[in-house]
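For reference, the structure discussed in these notes is given below.
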Amino acid sequence: MNEPTLNYVLCPGSAAPSSPAGDAPASTPQHRMAYWEWNATGNPVHPHVVVCVHGLSRQGRDFDTLARGLSQHARVVCPDVVGRGQSDWLADPMGYQIPQYAADMLALLAQLHQQGPITTLDWVGTSMGGLIGMGVTGQPGLPLPVPVRRLVLNDVGPVIEWLALQRIGQYLGQLARFESVQQAADAMWAISTSFGPHTPAQWLELSRAMVRPLPDKDGGGMTLHYDPAIAVPFKAMTQESAAAGEVALWQLYDHITAQTLLLRGAQSDLLSPETAQAMAQRGPRARVVEFEGVGHAPTLVAADQVAAVTDFLLAGEGGAAG
């Protein structure tokens, strides 16, 4: 079966000495960002690159179903954003914000471009990954190998509903101990039912990369994969600072020139219908696709969700991935 390879890129900003993933000296002002690369094109440096970036408390293996199909047509690169998955943790928790994440993505793209010139660049971003995508695509003059051609924003926009942020803040950073992946999956499902219907097998598969083993000296078992300090800047946010952030995000959105597809869970509490409608009428004038029975955020596992993304990204390239 087509499987990804695990790779790393060095990014500016010190890693925490206690980072589970890191082995760089504490004096080195760098951290490693892990990324999963899928490529079944037969060309290890295929010039079409699709970057898929996950949500706030997730990691790059979220995109396995989508990436497996897309990788027949392109290099599909799914980073573990710093502080998550196989990536280092940051020494300064206040680094866990969009500017650092966007800088890391520029380092990643530079490394990929050095390995083999990128001629076509697309971006798929779920929730936080979409905000990072807006930061990368909405700032003219950034040192991108090529401009982003097609952008998929998955259930996110410039206006993020405050009640949704409060809901997320209730569980973010609360790392429990689990005896098994199944126990962890059950616990995560209790706070993730808004993701929409999944079979038990689908949810278990989505959950495997969401945990990491705990050392025997700490009693063994497993816990969630991320640095609990990612919650520090998130919980420092106020309703006033969030409103100020909306102005900056709209400015980014209005500068986007990439063809844009906006996915929305019809029951999303984070992306309102009004914001989605505004995004269809200004800036890149996103095409909006809604999924019934889904809230925040579509996981891009269901066949209709995968088809919406692949058809958009591969339009004019001889059909969608299977």
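The values are calculated or read from the model by the stated rules, or taken from the named source; none is laboratory data. Keep in mind that this is a model prediction, so the values were computed, not measured. Every residue, glycine among them, receives a Cβ derived from its backbone with ideal geometry; neighbour counts consider all protein chains shown. Keep in mind that these areas ignore ligands, DNA and RNA; they rest on the heavy atoms of the full protein, side chains included. Shrake-Rupley method; radii C 1.70, N 1.55, O 1.52, S 1.80 Å.
What to note about this one:
- Unmet requirement for residue 192, which otherwise passes all of (1) in contact with a strand residue (DSSP E or B) (Cβ under 6 Å, 6 or more places away or on another chain); (2) open to solvent by less than 50 Å² (accessible area, probe 1.4 Å); (3) without any contact (Cβ under 8 Å) to a residue 24 or more places away in the chain: (1)
- Residue within the stretch 173-182 that is in a helix (DSSP H, G or I), more than 28 Å from residue 240 (Cα to Cα) and either out of contact with any Pro (no Cβ under 6 Å at 6 or more places or on another chain) or modelled with pLDDT of 90 or more (or both) present: yes
- Long-range neighbours under 7 Å by Cβ, at least six apart or interchain, first residue on the phi > 0 side of the Ramachandran plot within the stretch 84-103, second of a type in the set (A, V, I, L, M): 85/34; 85/209
- The residues of the stretch 65-84 that are part of a helix (DSSP H, G or I) and either in contact with a Ser or Thr (Cβ under 8 Å, 6 or more places away or on another chain) or surrounded by fewer than 21 Cβ atoms within 10 Å (Cβ to Cβ) (or both), listed by number, are 65, 66, 68, 69, 70.
- Residue match in the stretch 39-46 (condition: modelled with pLDDT of 95 or more, under 26 Å from residue 229 (Cα atoms) and not basic (Lys, Arg)): no
- Selected residue [outside any strand (DSSP E or B), of a type outside the set (S, T, N, Q), open to solvent by 40 Å² or more (accessible area, probe 1.4 Å) and out of contact with any Pro (no Cβ under 6 Å at 6 or more places or on another chain)] from 212, 149, 167: 167
- Residue check for residue 141: assigned to a loop (DSSP other than H, G, I, E, B), at positive phi and in contact with a helix residue (DSSP H, G or I) (Cβ under 7 Å, 6 or more places away or on another chain): no
- Yes/no for residue 182 being farther than 24 Å from residue 157 by Cβ, open to solvent by 60 Å² or more (accessible area, probe 1.4 Å) and of a type outside the set (A, V, I, L, M): yes
- Options 93, 99: the member that is over 11 Å from the mean Cα position of the chain (by Cα) and closer than 24 Å to residue 286 by Cα: 99
- Within the stretch 85-115, if we keep just the residues that are in contact with a Lys or Arg (Cβ under 8 Å, 6 or more places away or on another chain) and not in a helix (DSSP H, G or I), the residue that is surrounded by the most Cβ atoms within 10 Å (Cβ to Cβ) turns out to be 87.
- Between 151, 112, 106, 172, the distinction of being under 19 Å from residue 60 (Cα atoms), free of Cβ contacts under 8 Å to residues at least 60 places away in the same chain and of a type in the set (A, V, I, L, M) belongs to 106 only.
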